[in-house]
Amino acid sequence: MFLLLFGWTQGLGTFYFFGVAVAGAALAIEQSLVSAEDHSRVGAAFFTANGFVSLALFAATCLDVFLA
């Protein structure tokens, strides 16, 4: 929600909002990897997914700022 509000207030464009959508999908997948009974994939879910989210948002923001 705040990522969308930030993009809107800063006048960012399509690349940024596509990156936010990709990041949201990655966070949804992250939540589905770990269950209450099985904590064996917490490391993969937390570190891998959050790393991907940060890189996706960074790349999308850079593309939007420098190419638009």
Taking the 0 to 90 degree range and rounding to the nearest ten, how far is the long axis of helix 14-33 tilted relative to the main principal axis of the chain, both from C-alpha atoms? 10
Taking 0.36 nm per intervening residue step and subtracting the Cα-Cα distance, what contour gain separates residue 68 from residue 28 on full extension? 11.5 nm
Estimate the FRET efficiency between residue 58 and residue 4 by the formula 1/(1 + (r/R0)^6), using the beta-carbon distance for r and 22 Å for R0, to the nearest 0.05. 0.85
If N is the number of residues in the chain, what value comes out of its Cα radius of gyration divided by 2.2 N^0.38 Å? 1.28
Show 37, 30 ordered by accessible area, largest first, where the area counts protein heavy atoms only and the probe is 1.4 Å. 37, 30
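The values are calculated or read from the model by the stated rules, or taken from the named source; none is laboratory data. What you see is a predicted model; the values in this text were computed from it and never measured. A quick note on method: Cβ atoms are made from the backbone with ideal geometry, for glycine too, and the neighbour counts reach across all protein chains shown. Side chains are part of the model used for accessible areas, which takes the heavy atoms of the whole protein and leaves out ligands, DNA and RNA. Shrake-Rupley method; radii C 1.70, N 1.55, O 1.52, S 1.80 Å.
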